[in-house]
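The values are calculated or read from the model by the stated rules, or taken from the named source; none is laboratory data. It should be emphasised that the depicted structure is a prediction, and the values quoted were computed from it without experimental measurement. Quick reminder, even Gly has a Cβ in these numbers, built from the backbone with ideal geometry, and neighbours come from all protein chains shown.
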Ligand SMILES: Cc1ncc(COP(=O)(O)O)c(C=O)c1O
């Protein structure tokens with residue numbers, strides 16, 4: 001830690017080296033020690049560090065004096081991004097959304113989505129789920145489940161109703177049916193909602209996944225009760241789930257989708273709200289912000305879409321690697337009594353004791369692999385490899401994790417066996 005940096009810095013505590021450069025799946029420290037980066041800027045570097053095509057597009061743009069800062073003025077870079085996103089991502093999926101560019105953090109896009117839903121419906125209440133994470137500004141924080149995050153800043157909690165996510169508190173209970181009952185019962189104490197907001201895969205909350213059936217039930221509930229369905233695809237989007245959108249294939253069409261993190265593809269700040277035209281209700285400047293047009297991010301975002309999403313080659317390769325990862329984690333899970341969680345390139349292992357997950361994270365780091373923990377107690381070791389990671393990089397990561405788990409869990413396993 002630098003002595004002048006605030007205590008609030010966090011990732012640098014678990015991964016305390018000074019990093020100097022980065023390429024592909026690797027980070028290099030000042031002594032040129034290499035680390036396999038399976039944190040990927042917490043899902044902001046889906047195409048790895050300094051992806052050459054994106055890097056070249058950005059360098060060319062800067063060299064040609066392309067506009068860098070333009071508030072929300074029309075620019076070539078923005079127009080090109082919008083055209084590419086519309087024709088390559090939305091049109092083939094039969095989606096018709098308007099684009100709203102917000103301040104360049106995910107949490108700012110969530111704030112915008114809240115304002116839209118509240119204005120469009122004239123209602124205040126929003127349904128959010130257990131273990132949700134939607135960001136750390138006060139509106140988004142009120143939607144977030146984590147008590148330690150919400151404890152800070154005294155978020156204005158009124159106007160948010162917490163509902164159980166799929167599988168909460170235990171498998172077997174249909175939490176969508178439970179929510180349906182609450183909404184239908186005039187005496188349940190729940191006000192008619194402006195929106196229901198959810199992640200199709202809960203990234204920070206422990207890699208909990210929602211099934212297509214559950215998502216369809218939630219969408220039907222939103223429709224029946226006149227609420228907007230807001231899908232937070234900030235972490236699970238841009239391919240991380242194995243599809244471009246994490247809700248793809250579930251048979252739902254959210255009213256609003258919030259995106260950030262890997263949208264620029266290069267780690268540059270950029271956020272976007274996709275909204276159905278009928279909900280484009282904010283008047284000019286009603287949700288404002290200086291940095292709503294990061295042209296450098298538009299340039300790399302367009303390059304990423306053209307490079308990776310024009311045909312199916314990238315997603316087909318990703319599916320194969322994700323299947324391999326699922327099998328590898330299932331095998332590890334079976335061997336050590338751990339539960340695999342998540343989907344696509346957003347998977348991990350749930351440990352009965354959070355301290356074991358954190359110790360595996362520490363040992364992996366000393367062996368040159370950066371992986372985080374997530375979940376209510378940090379009990380889930382969470383792998384977010386770049387979607388461009390090679391098979392040998394995946395092999396290496398699993399080798400390191402296996403060795404770390406052996407060190408952490410084998411004495412316990414041995415003691416258990418000895419006691420039998
Ligand atoms: C699902 C989800 N929503 C919102 C956010 C907040 O994004 P940001 O940190 O860019 O404000 C995050 C960040 O991790 C996230 O995972």
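Results, tabulated for the structure shown:
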{"quantity": "Subset of the range 43-71 [exposed (fewer than 15 other Cβ atoms within 10 Å of the Cβ) and part of a loop (DSSP other than H, G, I, E, B)]", "calculated": "64, 65, 68, 71"}
{"quantity": "Any hit, the range 215-222, residues being more than 22 Å from residue 145 (Cα to Cα) and crowded, with 24+ Cβ neighbours inside 10 Å", "calculated": "no"}
{"quantity": "Matching residues in the range 116-141 - criterion: being more than 14 Å from the ligand (Cβ to nearest atom) and surrounded by fewer than 17 Cβ atoms within 10 Å (Cβ to Cβ)", "calculated": "119, 122, 124"}
{"quantity": "Residue tally, condition at negative phi, outside any loop (DSSP other than H, G, I, E, B) and surrounded by 10 or more Cβ atoms within 10 Å (Cβ to Cβ), over the range 5-37", "calculated": "16"}
{"quantity": "Residues that are part of a helix (DSSP H, G or I) and either in contact with a strand residue (DSSP E or B) (Cβ under 6 Å, 6 or more places away or on another chain) or buried (at least 22 other Cβ atoms within 10 Å of the Cβ) (or both), drawn from the range 326-345", "calculated": "329, 330, 333"}
{"quantity": "Some residue of the range 247-256 being more than 25 Å from residue 58 (Cβ to Cβ) and either within 14 Å of the chain's Cα centre (by Cα) or not assigned by TED's automatic domain parsing to the domain that holds residue 211 (or both)", "calculated": "yes"}
{"quantity": "Of all residues in the range 228-244 being under 21 Å from residue 107 (Cβ atoms) and away from the ligand (no atom under 13 Å from the Cβ), the one that is farthest from the chain's Cα centre (by Cα)", "calculated": "228"}
{"quantity": "The range 223-259, subset more than 25 Å from residue 305 (Cβ to Cβ) and touching a strand residue (DSSP E or B) at 6+ places or on another chain (Cβ under 9 Å), residue surrounded by the fewest Cβ atoms within 10 Å (Cβ to Cβ)", "calculated": "223"}
